[in-house]
Amino acid sequence: MNDSKSLHSKIAKTVRNIPRSGIRDFFEIVSTREDVISLGIGEPDFSTPWHIRDAAVRALDRGATSYTSNLGMLSLRRGIAQYVEKKTGIGYRPADEVLLTVGVSEGLDLAIRALVEPGDEVIYHEPSYVSYNPLIQFAHGVPVAIQTRKENGFRLTRAELEQYATPKSKVLLLNYPNNPTGAILSKKDVEEIAAFAIERDLIVLTDEIYDELTYDRAHFSIISVPGMKERTIYLHGFSKAWAMTGWRMGFTCAPPELTDAMMKIHQYTMLCAPILSQEASIEALKNAETDIAYMKGEYKKRRNFIHASFEEMGIPCIRPEGAFYAFADVSKFGMTSKEFALKLLDEQNVACVPGTAFGPCGEGFIRCSYATSLEEIKEAMVRIARFIAKL
Ligand code: PLP
């Protein structure tokens, strides 16, 4: 009984059959090497602004070490409702429509588990953030991935939705600004998707964790379309724009019935988000506009540089309009994404993520994060140019 083979057979089949994240696997290889320039990590190279850290220190000094209400501290839920209304024009009631979660990661899990029954189809677009497909499967739902295309700027279109939706489709999961492509949608794109969701009676989950990080035009949220608040779970969090990945703070905004359903799972699995992270987030919402503007300005310079460098090298790459990733098309070099990434790491000590970590249609692409310093990015691009010159 205690040999590892028989233990393996005891693991739930859904869990057993899901592969580990391609990003993690790749970075295990990276961690065995020295002097690597990493364009792989999806987290800001900035530390959380000092005044936000200070708010947590002060709360700790006051002895804030307890549980909070399951939904989270009311003052923070109020701040979130105000923030979301300012961004989208849509008001949520702090009392029963806002839930604080342990990162957007937990919010996604709650939303999917609250809605999906075995066999329900969840439509999402690929290439996508790595957790979507596994979370749907953990809930025994059926993941239906629409493969978006470079030629179309990796936008999801109504025509594609029509092709993939069936009577079993229950949920549509959106992520714009997008990880890993950097794509965003126009207002018209969003309105067309919204009209489709209403016609087909779909519940929409919209992961807008990168909403602050757009560089040429503002992001337009699907909740701003009339009739959508009623059928949408809006997911957002502090990890990216506020440089707070380690605090694990996210939130959902949704109609009371859906919030209550997610709350039930949250209550029994997580109880509440950590109190010090909630205290820090109150400060983050109040006083971080200048910090966000500064970090965004830095990302924009890096975005411009990395995009121009790929163009100069003759490597096609859509101009990323949001998040902090460039998704470059290296298919012409006749290698798989993984081969390209491994060889680049091996020969030039530059790490980027193979596009296939984000779904099969990522084949031929590499994701390069520009949440790293401009100096490092400049050196990485010199090395990539040297690498391809030899191919
Ligand atoms: N959603 C997207 C699109 C992401 O890129 C990430 C992290 O990279 C997450 C969710 C998870 O974020 P969090 O740190 O809030 O759990």
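Taking the range 354-387 as the region of interest, how many residues are of a type in the set (Gly, Ala, Ser) and either outside the structural domain of Arg302 (by TED's automatic domain parsing) or assigned to a helix (DSSP H, G or I) (or both)? Can you show your working first?
To start, the set of residues in the range 354-387 that are of a type in the set (Gly, Ala, Ser) comprises 355, 357, 359, 362, 364, 369, 371, 373, 380, 385.
Subsequent filtering for residues that are either outside the structural domain of Arg302 (by TED's automatic domain parsing) or assigned to a helix (DSSP H, G or I) (or both) retains 355, 357, 362, 380, 385.
Residues that pass the stated criteria total 5.
Within the range 180-210, being within 13 Å of the ligand (Cβ to nearest atom) and either within 20 Å of Leu110 (Cβ to Cβ) or not aliphatic (A, V, I, L, M) (or both) holds for Pro180, Thr181, Gly182, Leu205, Thr206, Asp207, Glu208, Ile209, Tyr210.
Within the set of pairs 6+ apart or on separate chains, which have a first residue in the range 14-28 that is under 14 Å from Thr356 (Cβ atoms), a second that is open to solvent by 80 Å² or more (accessible area, probe 1.4 Å), and C-beta atoms under 9 Å apart? That search, which allows pairs on different chains as well, returns Gly22/Lys338; Asp25/Pro19; Phe26/Lys338. Take the residues in the range 7-53 that are more than 20 Å from Leu345 (Cα to Cα) and open to solvent by less than 30 Å² (accessible area, probe 1.4 Å), then tell me which one is modelled with the lowest pLDDT. Residue satisfying both the conditions and the ranking: Ile18. Among the residues making up the range 80-114, those that are within 16 Å of the ligand (Cβ to nearest atom), open to solvent by less than 40 Å² (accessible area, probe 1.4 Å) and part of a helix (DSSP H, G or I) are Ile80, Tyr83, Val84, Gly103, Val104, Glu106, Gly107, Leu108, Asp109, Leu110, Ala111, Ile112. Taking Pro274 and the conditions (1) more than 19 Å from the chain's Cα centre (by Cα); (2) away from the ligand (no atom under 15 Å from the Cβ); (3) not charged (D, E, K, R), which numbered condition does it fall short on, given that it satisfies the others? Only one criterion is unmet by Pro274, namely (2).
For beta carbons closer than 7 Å, sequence separation of 6+ or different chains, a first residue in the range 226-252 that is free of Cβ contacts under 8 Å to residues at least 24 places away in the same chain and a second that is within 11 Å of the ligand (Cβ to nearest atom) and of a type in the set (A, V, I, L, M), there are no qualifying pairs.
The values are calculated or read from the model by the stated rules, or taken from the named source; none is laboratory data. None of these values were measured; they are calculated from a predicted model. Note: ideal-geometry Cβ built from the backbone for every residue, glycine included; neighbour counts use all protein chains shown. These area figures cover heavy atoms from the full protein model, side chains too; ligands, DNA and RNA do not enter into them. Shrake-Rupley method; radii C 1.70, N 1.55, O 1.52, S 1.80 Å.
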